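The values are calculated or read from the model by the stated rules, or taken from the named source; none is laboratory data. No experiment lies behind these values; they were computed from the predicted model shown. Glycine gets a Cβ as well: all are built from the backbone with ideal geometry, and neighbour counts include every protein chain shown. These accessible areas exclude ligands, DNA and RNA; they are computed on the full protein's heavy atoms, side chains included. Shrake-Rupley method; radii C 1.70, N 1.55, O 1.52, S 1.80 Å.
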Amino acid sequence: MQKIKTALLSYGMSGKVFHAPFLDIHPGFELLGSWERSKKLIQEDYPYVKSYPSIDELLADDVDLVIVNTPVGTHYEYAKKVLLAGKHAVVEKAFTTTTAEAQELAKIAEEKGLKLAVFQNRRWDSDFKTIQKIINDGVLGDLVEAEFHFDRYNPLLSPKAHKETANDGAGVLKDLGPHIIDQAVCLFGSPNSVFADIRITRENSLVDDWIDLLLIYKDFRVRLKAGFFVREANPAYTIHGKKGSFLKPRGDVQEDELKIGKKPNLESWGTESEELKGILHTEIDGKVIREKVPTLQGNYFSFFDGVYNSITNNITEPVTAQDGVKVMQIIDAAIASNAQRTVINL
């Protein structure tokens, strides 16, 4: 099996939790190491890998694929450097800080024949996979509206300076927002227009921490919300069609289990608790039903498997650079809408 030699651009939470465990268990990847600026931690978990003192030394090594998992404001600079060095890249969300940056990266990758994927792992959450199946099965009839939430209760400011300093990459719109925006685009494509309300709600916060986006499609609407003052959770997904409704709480367990050091597997990994099943209330074959629906298994391994296959078999990435461009177009439109207090056409 061909080995894809892979390196990370940081080994903080995202490298330790979301990337290294899956690269380590996938037989097609060889984890070479990570760029580590101050703390040298990766060798504590993976003694056989390297700790690179600079990005230049990392890129000078025999690396095939680089994971750009640094703060959002650096994604464009580092991803461009990676691509110009002739390496494939996976870039964390938000892909970039502007649509123009995203389009330029996509163009460079295309011109150089390189694979460029955006790490939208939430497409492989158990709850999202379940609502995707419900929609694809058509049991709700023609859709009227959908509402996605990515809410938390956390009034405290992050100790990470780059998350709380006013900069182009900070704020919930470019942190939690890309997850639910990408999920909407994955399900429904790009909207015709966007209306957005973006606020600061935490005391002493300098960055947006509450968003309410309305994606306007021809025949239906999608509302996307995220905030830090939701102690009692809303359903993560509410979908209403002309035949029925589906409500699903957020239940994916992968992030929590990765954070406490559990190692992913391909059998039971990503299995939700039974009590977090969604409620389907609809009409099928003339009969009205209201029942709980089994939740599909989540697994971020599928993203990495897709990246592997895209490189070795020269097929489309699991989340493409153009997918990333579409998300950035909606983010840019949301910023403009909030500033102008009007609907922005895409």
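Data table
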| item | result |
| --- | --- |
| Residues residue 285 and residue 232, FRET efficiency given R0 of 45 Å [Cβ-Cβ distance, rounded to 0.05] | 0.80 |
| Counted charge near residue 307, where neighbours are those whose Cβ lies closer than 10 Å (Asp, Glu -1; Lys, Arg +1) | -1 |
| Trypsin sites (Lys or Arg not before Pro) within region 255-346, DSSP loop, no more than 16 other Cβ atoms inside 10 Å | 262, 341 |
| Longest segment of the chain lacking GluC sites (Glu not before Pro) that sit in a DSSP loop with at most 10 other Cβ atoms within 10 Å | 1-202 |
| Residue-averaged 222 nm ellipticity for the chain, from DSSP H runs of 4+ at -39500 (n - 2.57), nearest 500 | -9000 deg cm²/dmol |
| (i) 62, 48, 41; (ii) 93, 40, 35; (iii) 61, 54, 29, with the label sought being that of the calculated Cα extents along the principal axes in Å | (i) |
| Local net charge near residue 341, Cβ-Cβ under 15 Å (Lys/Arg +1, Asp/Glu -1) | -1 |
| Where chymotrypsin sites (Phe, Trp or Tyr not before Pro) fall in DSSP loop in region 1-48, at most 12 other Cβ within 10 Å | 48 |
| Average accessible surface area per residue within the chain, 1.4 Å rolling probe, Å² | 45 Å² |
| Set of lysines near residue 3 by C-alpha distance (under 18 Å), chain-local residues within fewer than 8 positions excluded | 50, 87, 115 |
| Straight-distance crosslink candidates among lysines, where the alpha carbon sits under 21 Å from residue 163 and sequence neighbours closer than 8 are dropped | 16, 39, 93, 174, 225, 259 |
| Carbon and sulfur %, accessible surface of region 4-119 computed with the full protein complex present, 1.4 Å | 51 percent |
| 12 Å beta-carbon shell around residue 99, net charge (K/R +1, D/E -1) | -2 |
| Beta bridges per DSSP with both ends in the chain, % antiparallel, nearest 5 | 60 percent |
| Of all accessible heavy-atom area on region 278-346, the percent that carbon and sulfur account for (1.4 Å) | 46 percent |
| Most fluctuating residue given options 318, 159, 27, as computed from a GNM of the chain linking Cα atoms under 10 Å | 159 |
| Those residues of region 18-54 whose amide nitrogen sits under 18 Å from the label point placed on residue 3, 7 Å along Cα→Cβ | 20-34, 43, 46-52 |
| Gyration tensor (alpha-carbon) shape descriptor, region 4-119, a/c threshold 1.5 | prolate |
| Cα principal axis extents for region 55-177, largest first, Å | 52, 39, 25 |
| Separation of alpha-carbon centers, region 14-39 and region 239-269, rounded to whole Å | 23 Å |
